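Heads up, the thing below is written out as structure tokens.
The values are calculated or read from the model by the stated rules, or taken from the named source; none is laboratory data. None of these values were measured; they are calculated from a predicted model. Quick reminder, even Gly has a Cβ in these numbers, built from the backbone with ideal geometry, and neighbours come from all protein chains shown. Side chains are part of the model used for accessible areas, which takes the heavy atoms of the whole protein and leaves out ligands, DNA and RNA. Shrake-Rupley method; radii C 1.70, N 1.55, O 1.52, S 1.80 Å.
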Amino acid sequence: MLSAIQLANAEIPAIVIEKKNYPFHRVCGEYISNETVPFLKSLNLFPEQYHPPQIRRFQLSSITGKSQTLPLDLGGFGISRYSFDNFLYEKAKKAGVEFFLKEEVEKISFDQNQFTVKTSSRELEAEIVIGAFGKRSKVDVQMKREFIQKRSPYVGVKYHINTQHPSDLIALHNFRGGYCGISNVEDGKSNLCYLTQRENIRRFKNIREMEEAVLFQNPLLKNIFMNAEFLFDKPEIINEISFETKLPVEQHILMTGDAAGMITPLCGNGMAMGIHSSKILSGLIIQHIGKIGRDRHLLEKKYAGEWKMQFRNRLWFGRQVQKLFGNEWASNLAVNMAINIRPLANAIMKGTHGQPF
Ligand SMILES: Cc1cc2nc3c(=O)[nH]c(=O)nc-3n(C[C@H](O)[C@H](O)[C@H](O)COP(=O)(O)OP(=O)(O)OC[C@H]3O[C@@H](n4cnc5c(N)ncnc54)[C@H](O)[C@@H]3O)c2cc1C
């Protein structure tokens, strides 16, 4: 959607096809790194009207509840995807973006330098297609992308809760086989979102039973769960979250956000990377459209090069850091590092984040 807004601002006709209807909840920790703020403000897309809490401290706890709090270098802000995505949707409509909602893309084909996009109810032709279809989509299956051939054990679960959580703090609590983030969004609500493994859930009758048996081993998590008011009837859940390497350009489709590569959620940087990749890509498309004798090969080469330079190391770093989570020995080590080797902890935080853009 952000790419479409930037293209529409440059008077390039843009269509967004979305299988759902705004607003809707999605599994996400809803912490957005402040590296995005200059860019969002420059496009009048910072969601000021929701008064998003500013998050400046980070608490890390091990499986046994040993914890340490550190200042965050850049920090971030908290806003629910329900509100933020809908806010962007309204902005996009005003900018002239056309939407086909509740319509699923079933097939994208490329022939004679032109795309045909087949949805559940129409067929469209386009010169350029941006793949912004997230971590896992029907389109990935249709394209036979490499990562989709492998099963992934990760499952994401999200709640909104009312609890006494400090508005400037993001906490990451380890439990066996996963980790759980908590930070505030608009209207004083808190987001509680965790990543676990399918195996953790299979061993129990339902999610609640698993939470009580596994997450409650961390006393800090038990305390949050026992004293919070849960605001959803049931949690939002997604399966098969894959952190495998992907390519930013495949079958001539220019991928942004999670469709290009997903960073492990503990980094809290997925949305910032999505926003940043849309900035890079839209800039290159605007240049490309303005040229006589458009060179698709050059556009693809430039985007793939810039994407890799900006994000490849961050994704790798995120995968390595994730190894420190979800097991007793490693999570204790991570907390001890945060307590005793501050420069190392700071270097890890820097390695998974970018600079303001
Ligand atoms: C547990 C968890 C916690 C996270 N916490 C954070 C966090 O705190 N901070 C952060 O920055 N990032 C976080 N992330 C990552 C973040 O959610 C993603 O990086 C971000 O949502 C990527 O945006 P996107 O636009 O690429 O994809 P999405 O936000 O997934 O959007 C893709 C859209 O495409 C639509 N779609 C898919 N297929 C089709 C189709 N065939 N036809 C039509 N529409 C389709 C979907 O309905 C969806 O709306 C977290 C992720 C997980 C799993």
Rounded, prolate or oblate: which fits region 42-142, taking a ≥ b ≥ c as square roots of the Cα gyration tensor eigenvalues, rounded meaning a/c under 1.5, else prolate when a/b beats b/c? prolate
Charge-dipole axis of the chain as Lys and Arg at +1 and Asp and Glu at -1 on Cβ define it, positive-most pick from 355, 320, 12: 320
Cα pair distances of region 113-186 binned at 10 Å [whole percent]: 12, 29, 22, 22, 14, 1
With a ≥ b ≥ c taken as the square roots of the eigenvalues of the C-alpha gyration tensor of the chain, please select rounded if a/c is under 1.5 and otherwise prolate if a/b is larger than b/c or oblate if it is not? prolate
For the pair residue 223 and residue 11, the simple spin-label estimate (label points 7 Å beyond Cα toward Cβ) gives in nm 6.0
P(r) for region 191-285, please, calculated from all Cα pair distances in 10 Å bins and given in %. 12, 34, 27, 18, 8, 0
Determine the distance separating the Cα centre of region 50-97 from the Cα centre of region 147-175; give it in Å without decimals. 13
Average projected area of the Cα convex hull of region 253-328, in nm²? 5.2
Label-point separation, residue 121 to residue 64 (7 Å along Cα→Cβ), nm: 5.8
Quick one: check the C-alpha center-to-center distance for region 297-312 versus region 226-267, whole angstrom. 22
When the accessible area of region 4-154 is computed with all protein chains present and a 1.4 Å probe, what percentage of it is carbon and sulfur? 46
Quick one: if you stick a label point 7 Å off each Cα along the C-beta vector at residue 199 and residue 102, how many nm between them? 4.2
Aspartates and glutamates near residue 150 by alpha-carbon distance under 20 Å, same-chain residues fewer than 8 away left out - which ones? 140, 199, 240, 244, 250, 258
Using the structure shown, select from 144/350; 20/107; 158/308; 19/234; 107/246; 279/350 the pairs with a Cα to Cα distance greater than 27 angstrom. 144/350; 158/308
When the chain is treated as a GNM, springs tying every alpha-carbon pair under 10 Å, which of 298, 254, 172 comes out with the largest mean-square fluctuation? 298
Can you give the accessible area per residue of region 46-184, in Å², using a 1.4 Å probe? 46
Report, to two decimal places, the Cα Rg of region 215-354 normalised by 2.2 N^0.38 Å (N = number of residues). 1.36
